[in-house]
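Beneath this line is the structure, given in structure tokens, with notes to follow.
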Amino acid sequence: LTPWHNDPVSDPPAEVVYLRDEETGAVWTPTPLPAGGACGVWHGAGYTSFAQDRGTLATELTAFVPVADPVKVIRLRVHNRGDKTRRLAAAYFADLVLGTTRDQTAGTVVTEVDPTSGAFLARNSFAADFGAAVTFVDTSLRPRTYTGDRVEFLGRNRTPANPAALRRATLSNHVGAGLDPCAAVLGAFEVHPGHTMTVVFVIGQAADREKAVWMAGKFRQADDADA
């Protein structure tokens with residue numbers, strides 16, 4: 001679904017979760033790369049977690065795969081240890097391949113959004129082995145904006161460490177064919193003093209559109225993700 005760079009030195013990320021302070025505009029990642037700081041990282045049976053402190057915010061991001069379903073769940077918990085409400089936004093960016101390499105598939109990936117559920121969907125009909133399969137991306141945040149245009153999200157001569165789209169309030173909701181494909185979703189939320197907010201992102205692929213929409217809707221719910 002996303003690139004495998006096989007580069008153990010620079011380890012460029014193919015998927016990124018971002019946080020943005022809606023008052024100051026500061027953007028960072030709750031993981032060490034591409035725009036994070038010092039993190040505690042630990043691995044368990046079937047999951048990896050990243051813990052980070054940034055001022056009065058404490059974040060914990062856990063990524064895992066359910067045993068029986070073809071979906072990766074990314075659960076982000078943000079705890080406010082301060083004495084004022086924090087207005088934040090969270091974004092998820094995935095560099096879509098839907099094949100072996102981007103060079104081979106970038107021109108044949110088509111993105112759309114399901115009008116009923118709001119799930120972000122992508123398909124590569126030219127893939128010999130899984131042309132009918134439907135990739136899905138979604139988030140628990142509502143309302144949220146999205147884009148399937150990698151050029152829009154990253155910007156000209158930029159990298160995932162400093163994406164242009166996060167300098168704007170929302171994404172364009174631009175999807176379709178003929179784009180440099182990606183899947184990006186962005187939504188805002190508040191965390192009151194002493195409280196914790198859970199944000200869920202999911203990415204996966206199903207055999208058909210109906211199953212893809214169902215799985216996106218199920219696993220983006222915080223209770224189902226916890227279960």
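Quick notes on this structure:
- When the criteria are applied in full, PRO30 fails the requirement of being touching a residue at least 40 places away in the same chain (Cβ under 8 Å) and closer than 21 Å to PHE136 by Cα.
The rows are residues; the columns are (1) under 15 Å from ASP114 (Cα atoms); (2) at pLDDT 95 or above; (3) surrounded by fewer than 16 Cβ atoms within 10 Å (Cβ to Cβ).
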{"position": "LEU154", "(1), (2), (3)": "no, yes, no"}
{"position": "PRO163", "(1), (2), (3)": "no, yes, no"}
{"position": "LEU166", "(1), (2), (3)": "no, yes, no"}
{"position": "VAL175", "(1), (2), (3)": "yes, yes, no"}
{"position": "CYS182", "(1), (2), (3)": "no, yes, no"}
{"position": "VAL185", "(1), (2), (3)": "yes, yes, no"}
{"position": "PHE189", "(1), (2), (3)": "no, yes, no"}
{"position": "HIS195", "(1), (2), (3)": "no, yes, yes"}
{"position": "VAL200", "(1), (2), (3)": "no, yes, no"}
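- Candidate set: region 1-11, residues that are without any contact (Cβ under 8 Å) to a residue 60 or more places away in the chain and either open to solvent by less than 70 Å² (accessible area, probe 1.4 Å) or not in a loop (DSSP other than H, G, I, E, B) (or both); chosen: the one farthest from ALA127 (Cα to Cα): SER10
- Top-ranked residue in region 21-52 [being open to solvent by 40 Å² or more (accessible area, probe 1.4 Å) and under 14 Å from ALA90 (Cα atoms); ranked as farthest from the chain's Cα centre (by Cα)]: GLU23
- Per the listing LEU88, LEU98, the residue uniquely within 30 Å of HIS195 (Cβ to Cβ) and either aliphatic (A, V, I, L, M) or buried (at least 20 other Cβ atoms within 10 Å of the Cβ) (or both) is LEU88.
- Which listed residue is among the β-branched types (Val, Ile, Thr) and touching a Gly at 6+ places or on another chain (Cβ under 8 Å), from VAL73, VAL97, VAL110: VAL110
- With respect to the conditions (1) surrounded by 16 or more Cβ atoms within 10 Å (Cβ to Cβ); (2) modelled with pLDDT under 95, THR135 falls short on a single one, namely (2).
- Among the residues of region 53-68, those that are open to solvent by 90 Å² or more (accessible area, probe 1.4 Å) and closer than 26 Å to ARG81 by Cβ comprise ASP53, ARG54.
The values are calculated or read from the model by the stated rules, or taken from the named source; none is laboratory data. This one's a predicted model, so the numbers in the text were calculated from it and none came from an experiment. Glycine gets a Cβ as well: all are built from the backbone with ideal geometry, and neighbour counts include every protein chain shown. These area figures cover heavy atoms from the full protein model, side chains too; ligands, DNA and RNA do not enter into them. Shrake-Rupley method; radii C 1.70, N 1.55, O 1.52, S 1.80 Å.
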